[in-house]
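Quick notes on the structure that follows.
The values are calculated or read from the model by the stated rules, or taken from the named source; none is laboratory data. All figures in this text were calculated on a predicted structure; none of them were measured in a lab. Note: ideal-geometry Cβ built from the backbone for every residue, glycine included; neighbour counts use all protein chains shown.
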Amino acid sequence: MSATANLGRATRPNGSRAMRPNGSSAGRNICQYKLVLLGESAVGKSSLVARFVNHMFTEFQDSTVGAAFMTQNVHLGDTTVKFDIWDTAGQERYHSLAPMYYRGAQAALVVYDITCAESFARAKSWVKELKSKGSPNVVIALSGNKADLEGSRVVDFQDAQSYADNNTLVFMETSAKTSKNVNEIFMAIANRLPKSQPQDKSGRNRGVDLTAGQPSNSHCCIMN
Ligand code: GTP
Ligand code: MG
């Protein structure tokens, strides 16, 4: 499934780089990255992807089996960032599959649920695993999801922020339900990714690396 984010033309109030809706890619720098979502079951990984890619939310989201793949483009200035998104299954029985999906990923979105302390602990263990076994220089973002459920919060915002700061993570509280910070966290990841890598069309990495060798840290930027 493929879609393109329509993120509006305006420069954001905080002065960060302008985001543009999809249009012709002519003359644009195109960068393609593999992004993986990790986190405990039911924290809202698939819901965040559905909000980002399809602009929708469902209360009855099925638990993911194995993993799901989607693509989404965002525009940063004159660069089109193409995300190949692997939405993994959080259920424990799928844990052993995760390395297939984070191997070679240039970016990871680790998700917890602000109403579930165990999910925050699980998110920390994913960050640790990514740092030890993921791609070198992988950009890691932490999402405290279900921010609309403030009345049921058990994970303190400041605790999560401090943890993120200490581990050099992008951090935002998000809500797939209300859209809060959903586009923003993907844009923050896009902003952090390197844009000046070797230009090699054949180096595009659209799939899961099923080899047991070293992570293939391939992403590619080309000029149209
Ligand atoms: P697995 O596929 O099992 O790993 O779960 P997941 O992390 O993909 O969670 P999923 O997106 O399936 O969401 C689980 C439940 O949480 C669903 O009932 C969603 O409707 C709900 N949910 C997801 N995001 C939010 C949110 O931001 N706010 C609220 N209130 N509910 C949410
Ligand atoms: Mg899911």
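Got a sec? Which strands (runs of 3 or more DSSP E) wholly within the stretch 107-224 have at least 2 residues that are buried (at least 16 other Cβ atoms within 10 Å of the Cβ) and modelled with pLDDT of 95 or more?
Of the strands (runs of 3 or more DSSP E) lying wholly inside the stretch 107-224, those with at least 2 residues that are buried (at least 16 other Cβ atoms within 10 Å of the Cβ) and modelled with pLDDT of 95 or more span 107-113, 139-145, 170-173.
Taking the stated definitions as given, is PHE69 surrounded by fewer than 18 Cβ atoms within 10 Å (Cβ to Cβ) and assigned to a strand (DSSP E or B)? Don't jump to the end; show me each part of the working.
On the way: surrounded by fewer than 18 Cβ atoms within 10 Å (Cβ to Cβ): yes; assigned to a strand (DSSP E or B): yes.
For PHE69, the condition - surrounded by fewer than 18 Cβ atoms within 10 Å (Cβ to Cβ) and assigned to a strand (DSSP E or B) - is met.
Which of the residues that make up the stretch 130-173 are touching an Asp or Glu at 6+ places or on another chain (Cβ under 8 Å) and not hydrophobic (A, V, I, L, M, F, W, C)?
Result: SER143, GLY144, ASN145, LYS146.
What's the number of the condition LEU48 fails, among (1) more than 8 Å from ligand 1 (Cβ to nearest atom); (2) touching a residue at least 40 places away in the same chain (Cβ under 8 Å); (3) assigned to a helix (DSSP H, G or I); (4) not polar (S, T, N, Q)?
The one condition LEU48 does not meet is (1).
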